[in-house]
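Heads up: the structure comes next, in structure tokens.
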Amino acid sequence: MSAAFRALDKYGPEVSMGDIAKEAGAAKPKLYRHFEDKTDLYNAIVDRVRDILWERILAGIDLTGDSARELVRRSAAEYALVVTEHPNVFRFMLHSHFTQQADESERALQSARQSARRLAELFAGLLDETVDVASIELVNYSIFGAVASATDWWLGANRLAANAMPIEKFVAYLAEIISALAEANARLNGIAIDAEQPLHLAFSAR
């Protein structure tokens with residue numbers, strides 16, 4: 001994975017298997033000992049990015065002390081920082097020539113479902129009521145799509161051009177988009193959110 005990230009950083013989202021093999025210091029056939037095909041490599045990159053994001057976000061927040069609003073802002077900020085560190089990795093995931101559109105859509109759904117289960121486990125310890133995993137999955141997938149589209153716009157197609165807006169402003173927009181989707185989901189489930197409270201105090205029945 002490290003070689004794939006380095007190759008993407010160096011050669012851009014149009015990277016080839018040969019570029020990745022060169023960065024790994026190995027012959028291209030050797031890559032296929034670790035990955036069945038290009039789609040398998042794409043999936044591994046998606047999984048690695050998801051794990052990096054979870055690690056960075058969870059390390060940068062205080063689930064019991066930060067307000068719900070601050071949790072969203074900090075999470076958006078960590079996400080944006082990871083994007084700036086590996087912009088071509090995100091361009092690759094959004095516009096990969098390694099896989100077909102249907103495969104990308106299914107992979108995105110699977111990743112969103114895995115994240116939804118993680119969120120459900122986190123919220124289960126904070127809420128008295130049973131967590132509706134399907135509802136969390138829906139809002140998480142909606143957030144995934146909105147954030148992916150916003151990231152695509154922010155990065156732009158030209159990797160030599162500057163980002164479309166300063167990172168601070170992008171983070172502010174992301175935080176508002178995520179909050180609006182989460183609040184709409186809560187409202188549909190009869191739950192009110194006080195965004196100024198920590199998570200374990202932020203939710204109440206309407």
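Just so you know, all these numbers are worked out from the coordinates, no wet-lab data involved. Fair warning: this is a prediction, and the values are worked out from it, not measured in the lab. Methodologically, a virtual Cβ is constructed for each residue, glycine included, from the backbone with ideal geometry; neighbour enumeration extends over all protein chains shown.
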Quick calc: nm separation of the 7 Å Cα→Cβ label points for M165 and K22 -> 3.8 nm
If the chain between E70 and L138 were fully extended at 0.36 nm per residue, the gain over the current Cα-Cα distance would be 22.2 nm
Expected vector for the range 85-92, Karplus 3J(HN,Hα) from phi with 6.51, -1.76, 1.60 and θ = phi - 60°, integer Hz, x for Gly and Pro, equals 6, 9, x, 6, 5, 6, 4, 4
